[in-house]
Amino acid sequence: MRLPTFLLRAGLLLQIGSGQVLGTDAHLLRHSQDHIDCPSGSRIQRELGPRLSGAASILAPSSPGWHQALVRATSPRINPAFVTSVEPATEQDVQETIKYSNHIGVPFLAVTGTHGWPTTLNDVQGGIQINMRRMNHIELNRDGKTATVGGGVMQHEIVRSLSEQGKMAVTGLCECVSVAGPLLGGGHSMLQGRRGFAADNLASARLVLANGSAVTVSAESSPDLFWAIRGAGHNFGIVTSLEVDVYDVEKTWTMIVLTFTQDKLEIYFSTWNRLEAEHTDVGLLVLNGIFARNPVLDSDHPLVNLQIFYEGENDVADKYTSAFFALGPVLNTTVKDIKYGDLYDVGGFGLTSPVCRKNENILGYPNSLDRWDPDAMRAGFDVFSDLTAPEKFATSAWLLESYGRKAVAAVPAAENAVAPEERSLHLLSSPILWWAGDDEQDRERAELYGKRMQEAVRRGNPALPHTYLNYAVGHEELPEVYGRDVARLAKLKRLKKMYDPNNRFGFYAPIR
Ligand SMILES: Cc1cc2nc3c(=O)[nH]c(=O)nc-3n(C[C@H](O)[C@H](O)[C@H](O)COP(=O)(O)OP(=O)(O)OC[C@H]3O[C@@H](n4cnc5c(N)ncnc54)[C@H](O)[C@@H]3O)c2cc1C
Ligand SMILES: *[C@@H]1O[C@H](CO)[C@@H](O)[C@H](O)[C@H]1NC(C)=O
Ligand SMILES: *[C@@H]1O[C@H](CO)[C@@H](O)[C@H](O)[C@H]1NC(C)=O
């Protein structure tokens, strides 16, 4: 069963345009770096190519397929500049590529889902792209308790493969994002309320380090690295495979989608606060709020939407549902009996959904909170309304996410490198701005309005700000994403110095 297409078309979920996916328009692709000739892509291709396995591939700017190999979900704003693209097929290919990069002194970057958006990715200049997508094997292990998946597996692949075997793993929301990318920085998900973060569900991994050596990391093997990659993982290596916990699929899910006009904004947030205060243990209940435009329903302002997802029967979910219904939505839809394997597609996060389109700028301005301040959210909403009035930004969406608290709070903060603040501040507020093209003024406008929205939210929450690492803009100070505990930061820095002294993994929330 799918979300009725009229809902997507009417933009009830995310009013983000035509839903064009996988654009290949050459003018929107990143500028190729053909002009960098020291060392040139073709020289790297010539020298590194023979060291790779037969199943690997290596492209230079002159190769057929070069532009397609560089398509990102966050371009042109995020535009790491590559002279070569390698698609490793084996762990040894990854090792050879890193050793060779070190030898000739060029940067490299692993790429899987291409949704990463911190500006630090743009520090890659004249680099080697290591596109992990060929390493996409998925095996359910014999005890049925874990699965081993390649470092290049995407969420849609693991959801399909495991759900066909009656299993599920803790991954993200969007099917077009990788398994590794979210997990290495924490990983929020539908299963979080019962299972914790994706990072809390990693049993072991194979990791290629900055010097090209490959190690197994687990509670028994290199425990310090195992601690670090679960939360600060993008800093320590390229993951070639992950062993993740899996669970039996037992029940189907329900989704309720409600749309409110903006005059309900204050009561929407105060109702949400009240419900969360009254019901602390809510099981698998996910609230996914979205400010988004839908001119059919309101030509002047964005709408205030809410998706409620829950597994099986849930008395508390019923209380949430009736409380929000009582606010008088202008639209409501209920979809029952959703199989786990269809949940993301039905919810509007599937591979062909608008959120998964490529070749558009993505920019987020996140805050993690423990309650909504309705006045602050109103102030932010007004800025969002102004930003999205012109067509150019009208497909942006402000995400208001609550994935559940109990299981993440139950994991001791010392267990891994996920910031303790990430465990205690369960609400994620993130205007996500989408627009096309590389016009400088558009980008400046997005940044200006984005900062104003973030500041508005912060005015309502006087504690020192915390930002989810995987939503970070790129300019944050370390304590804002890794947590403010001094000993924790010192440990991260010590491990970074030990395992990556030359900051080869320095492009995504880099620890300096
Ligand atoms: C539409 C959308 C939906 C999202 N939904 C969620 C969500 O539900 N939950 C959540 O927690 N986050 C979510 N995020 C944020 C997401 O966690 C980050 O954007 C993440 O970086 C995406 O990873 P990627 O592989 O898709 O992107 P990429 O840009 O390919 O990679 C991101 C970073 O991970 C590194 N990386 C990729 N593969 C590997 C590997 N095998 N080994 C080591 N490093 C690797 C890259 O080098 C890069 O630094 C979402 C983002 C978007 C844009
Ligand atoms: C929900 O939507 C249906 C039409 O789809 C409508 O008949 C009903 O009144 C709505 N309920 C509320 C509480 O708005
Ligand atoms: C690579 O780095 C690891 C971790 O610091 C170290 O244990 C290993 O000996 C190094 N390997 C080589 C070949 O230098």
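The values are calculated or read from the model by the stated rules, or taken from the named source; none is laboratory data. Here the structure is a predicted model, which is why all the values come from computation and not from measurement. Every residue, glycine among them, receives a Cβ derived from its backbone with ideal geometry; neighbour counts consider all protein chains shown. Keep in mind that these areas ignore ligands, DNA and RNA; they rest on the heavy atoms of the full protein, side chains included. Shrake-Rupley method; radii C 1.70, N 1.55, O 1.52, S 1.80 Å.
Where q = 0.10, 0.13 Å⁻¹, what log10 of I(q)/I(0) comes from the Debye formula for the chain, counting one point per Cα? Relative scattering, expressed as log10 I(q)/I(0), comes to -0.75, -1.32. Residue separation of D438 and A277 scaled by 0.36 nm, minus their Cα-Cα distance, works out to 53.5 nm of gained length. Positive end of the dipole of segment 26-134 (Cβ unit charges, origin at the Cα centre): among T120, Q95, G41, the Cα lying farthest that way belongs to T120. If R0 is 35 Å, the Cβ-Cβ spacing of L448 and L478 corresponds to a FRET efficiency of close to 0.90.
Between R46 and R512, the FRET efficiency from the beta-carbon distance, with R0 = 35 Å, is close to 0.50.
If I fit a long axis through the Cα atoms of helix 315-325 and take the longest principal axis of the Cα atoms of the chain, what angle between them do I get, 0 to 90°, rounded to 10? The two axes meet at around 70 degrees. In order along segment 117-133, the Karplus-derived 3J(HN,Hα) couplings, from 6.51 cos²θ - 1.76 cosθ + 1.60 at θ = phi - 60°, round to 10, x, 4, 4, 4, 6, 6, 6, 10, x, x, 9, 7, 10, 7, 7, 4 Hz, and Gly and Pro are given as x.
Listed cross-link partners K145/K319; K167/K491; K145/K336; K358/K392 are compared with a 26 Å cut-off, the Cα-Cα value being larger for K145/K319; K167/K491; K145/K336. A simple spin-label model places pseudo-atoms 7 Å from Cα toward Cβ; at N102 and S322 they are separated by 6.3 nm. Taking packing as the residue-averaged number of other Cβ atoms within 10 angstrom, the listed peptides 126-135, 453-462 run from highest to lowest as 126-135, 453-462. With R₀ set to 41 Å, the beta-carbon distance separating D370 from Q165 gives a calculated FRET efficiency near 0.65.
As a rough guide to protection, the peptides 154-162, 316-324, 502-510 ranked by mean Cβ packing within 10 Å, highest first, stand as 154-162, 502-510, 316-324. In summary, segment 26-134 shows an alpha-carbon radius of gyration equal to 0.97 times the 2.2 N^0.38 Å reference for compact globular proteins. Of the residues V418, F507, L433, the one whose Cα sits farthest towards the positive end of the charge dipole of segment 398-512 is V418 (charges of +1 on Lys and Arg Cβ, -1 on Asp and Glu Cβ, taken about the Cα centre).
Measuring nothing but protein heavy atoms, the accessible surface of the chain at 1.4 Å probe radius is 50 percent carbon and sulfur. Computed from point charges on the beta carbon alone (+1 for Lys and Arg, -1 for Asp and Glu), the dipole magnitude for the chain about its Cα centre is near 840 Debye.
Each part gets one Cα centre, and for segment 82-135 versus segment 392-442 those centres are 26 Å apart.
Entry note, the chain: relative contact order of 19 percent, from Cα contacts under 8 Å with a spacing of 6+ residues.
Between 0 and 90 degrees, the angle of helix 374-388 with respect to the longest Cα principal axis of the chain falls at about 60 degrees. Relative to the longest principal axis of the Cα atoms of the chain, the long axis of helix 486-499 lies at roughly 30 degrees. Once the 1.4 Å probe is applied to the protein heavy atoms, the chain comes out at 37 Å² accessible per residue. Distance from the alpha carbon centroid of segment 248-273 to that of segment 141-169 works out to 29 angstrom.
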